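Nothing in this text is a laboratory measurement; each read-out follows from the coordinates by a stated rule. Predicted, not measured: the structure shown is a model, and the values here were computed from it. Cβ coordinates were reconstructed from backbone atoms using ideal geometry, including for glycine residues, and neighbour counts include every protein chain displayed.
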């Protein structure tokens, strides 16, 4: 995996550089991820928050997750593209949207979560572990 790696929004107003190694990479099929992605799931890379340098100003939308913990989904206020999210249940981590990566090959999926909520047409990746909900210790 290239380190550092970079990404940002559609218009380029929000950009980031990450000099850390992803601790997790996966597809989430929960309702909020589906709705915020415009398709069947969102794909995220979890990295240490201190490894990310952000330029530009992202706007955040806060909504409780299934567990009740607030999740902030950050997006560009100009073009609306999602860039990252944070979850109060996982302090110190930032979840970069795989769709925001400059090099999409940085994302190597390790799991599917909330698969029980997946659409029938959104098939799981071959050989990637599947969890009906969030796996333990996530």
Along the three principal axes, how long is the chain when you take its alpha carbons, biggest first, rounded to the nearest angstrom?
-> 36, 31, 28
Under a plain spin-label model, where a point goes 7 Å from the Cα along Cα-to-Cβ, how far apart in nm are residue 49 and residue 21?
-> 2.3
Cα-Cα pairs in region 11-72 separated by more than 16 Å, as a whole percent of all pairs, come to 61
For region 93-133, the fraction of alpha-carbon pairs in successive 10 Å shells from zero, as % = 25, 47, 28, 0
Gain on full stretching of the segment that runs from residue 125 to residue 63 - 0.36 nm per residue minus C-alpha separation | 19.5 nm
